[in-house]
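This report concerns only the one structure given below.
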Amino acid sequence: MANFVIIVDPDAERRSGYIEKIKPLLPPVEGLIINSCEFGDFSAIWAANPQAPISIIKDERGAAIIWGEPIPSDELKKIDATRLRNLWQYPQENAPTFDGFYAATVYEQQKGIAVGADIIGCFPVYYYTFGDVALVTSSPELLQYHPIVTIKFDTFGLVAILLTNGLINGRTLWQNVKRLDPGKLLVWSQGNSPQEIPQYQLPNDEELYQYEKMSFPEHLDVMEEIVEHSLTRQVPSGSQYSMLLSGGLDSRMFSGFLRRRNIDLVGLTLGNPNDLEMQCAQNVSRVLGMEHRTGSMDYNGYVEDAEIMAKWEHLSNGFGRVTYWRFPHSFQDAPPKLITGYTIGLILGGSTGYPTSINNLSFETVFNDGVNCLGITPALLEKLLDQEIFGDLVQEIIAEIRSIYESYSHNEFKRCWWFNIYHRQRFHVCCALWRISFFFWPIVPFLDWKLIKTASLLPLSTVGKRRGQIELVCTRFPQLGELPLDRNSFYIAPLKVSKFRQPISWFYYTLKQKWLSWQSQNDQERRYYFRIYDLNNPGWQEVRKKAEPYRDKLGEIMNKTLLNEMLPPPDQKIHWKKSDWILEGASLKSLVGLMLWSKSHNF
């Protein structure tokens, strides 16, 4: 929606000087419109897509701003800044949060400021306070230009990023600059410390039992109802929408539900004509009668994307995904409201990326197979980091992660489920939403509290290994279930095949899987995500060349010899130990991103 900066500062000259300094620096990409709002000691300035939904009120009471369109629970009508101010007038425990993707603020001179975001905290909100000054932003980058801000490197923040590919406890690369935790409302007034007030509570374990008594078909009815509930409220009829259409399960499920309501959709798919994802997506759009547009992301833009990401995100989301800081020309006149299927595979499908057998779940397995799979292993990280600077931080942060993990539930699967949403999904997956918002208005169906809460209560026997989600598609939309499915692998067999055709289908797709695997080994990679994430591809090689001059800066805090072994110079190809280089390459990309970040910042 917007790159915003909010400042509360009683020194009018200092406040206005800061605003004037950052104003030309505010847009992360071209084509954005800058706007502002001022009241008393409060100023807000932002750069946003011209079509982004923004609501503002300013009167004798104060000011309120919404970037996005939040929806109160169980209502159809989106709220505006006037109603928001009334709902957040006296921030306290369980102050209301809303569904949808948004950030919002309310300010009154005597009461101070309140700032919140969507229920999972996908819209980034960072803050820094000192004395009678508060700064709240969607990126840490512009904080450094205020004269009261003292920038110091935070070793905790870096270790957490290198371990998990995201933040822990909101701590960033800069001391005293914190990202707002999910489900929290930031409240601050002059003379007081900032507080993060919970806006909701997670379901308790006793609530799980009501769904354990239900049958699997009843669970499917529940899943259908909550998906319809979210889509009806976030995607009202009467408009045309873009749909980020992969060939996978999530986007085809949402497309099926929306087309059942006769919603006019334009499918958008990134990739090359021969990509498996592209071919699967084309089948979905054909069966559902959707217009389908395609576009490729060439490698020439990787360097620019990587530099934007290092500058504005400060590695808060890791550095694995450089996509969505630009869109193909063919998408420019697409409908401005873009629906995405992000994270629904976890919410409804139990597709955590962690072990799905209840017998294997423990903090150790979740940490090793899920949390740390995108980061550097603890033993290697302890060798890499200068012990005089970092001490025992690796083990201290692992203990902190364990404490957070265990706080979510007594049920091991639910601990894993919630931790994944609040960490891996929020940072690694949903970081794309803020980037998309500078080009489209993101509609994110999973950002619905009824959907998340209800899904969190469904048993592992239903959601595990995507059993319920698969059956939901196959029974409600059988034509979609019979189409080839992109699984981000070489195996693209349909979800459901008639008993008569099963042996033939299994033989055909198994043979095709082997053929595609052979092609990949001969530089004919047809899996879109594997190709764009490959650290050896031409785009990433150029990013590595751009970052290389700053390798010595990392040597100030790391073992240079080990660093060079882990991340060779850009003219050398990286040889993968595993078949999944998306996961294996993520930790190395964090090091590349850190080099780019250090270009403008010191340790």
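The values are calculated or read from the model by the stated rules, or taken from the named source; none is laboratory data. What you see is a predicted model; the values in this text were computed from it and never measured. Every residue, glycine among them, receives a Cβ derived from its backbone with ideal geometry; neighbour counts consider all protein chains shown. The area values use the complete protein model at the heavy-atom level, side chains included, leaving out ligands, DNA and RNA. Shrake-Rupley method; radii C 1.70, N 1.55, O 1.52, S 1.80 Å.
Values for this structure:
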| read-out | value |
| --- | --- |
| Residue pairs meeting the criteria (Cβ under 9 Å; at least 6 apart or on separate chains; first open to solvent by 100 Å² or more (accessible area, probe 1.4 Å) and at pLDDT 70 or above, in the range 493-516; second outside any helix (DSSP H, G or I) and aliphatic (A, V, I, L, M)) | Tyr508/Ala493 |
| Test set (1) part of a helix (DSSP H, G or I); (2) under 22 Å from the mean Cα position of the chain (by Cα) - Pro27 fails condition number | (1) |
| Residue that is open to solvent by 20 Å² or more (accessible area, probe 1.4 Å) and within 28 Å of Gln210 (Cβ to Cβ), where the choices are Leu460, Leu451 | Leu460 |
| Test set (1) open to solvent by 10 Å² or more (accessible area, probe 1.4 Å); (2) in contact with a Phe, Trp or Tyr (Cβ under 8 Å, 6 or more places away or on another chain) - Arg435 fails condition number | (1) |
| Test: residue in the range 530-539 that is within 30 Å of Pro478 (Cα to Cα) and among the charged types (D, E, K, R) | no |
| Restricting the range 176-193 to residues that are farther than 17 Å from Asp154 by Cβ and open to solvent by 20 Å² or more (accessible area, probe 1.4 Å), the residue that is farthest from the chain's Cα centre (by Cα) | Gly191 |
| Count - residues of the range 73-119 that are part of a loop (DSSP other than H, G, I, E, B) and crowded, with 19+ Cβ neighbours inside 10 Å | 11 |
| Hey, Ser36 among the small types (Gly, Ala, Ser), in a loop (DSSP other than H, G, I, E, B) and open to solvent by 60 Å² or more (accessible area, probe 1.4 Å) or not | no |
| Elements of type helices (runs of 4 or more DSSP H) in the range 275-381, at least 1 residues being surrounded by fewer than 21 Cβ atoms within 10 Å (Cβ to Cβ) and not small (Gly, Ala, Ser) | 276-288, 302-313, 363-366 |
| Number of the condition not met by Val235 [criteria: (1) surrounded by fewer than 20 Cβ atoms within 10 Å (Cβ to Cβ); (2) at pLDDT 95 or above] | (1) |
| Single condition Glu542 does not satisfy, out of (1) modelled with pLDDT under 90; (2) within 27 Å of the chain's Cα centre (by Cα); (3) of a type in the set (D, E, K, R) | (1) |
| Conditions (1) under 24 Å from the mean Cα position of the chain (by Cα); (2) open to solvent by 10 Å² or more (accessible area, probe 1.4 Å); number of the one not met by Val266 | (2) |
| Close pairs from the range 421-434: first among the charged types (D, E, K, R), partner surrounded by fewer than 23 Cβ atoms within 10 Å (Cβ to Cβ) and assigned to a helix (DSSP H, G or I), Cβ under 7 Å, at least 6 apart | Arg424/Gly370 |
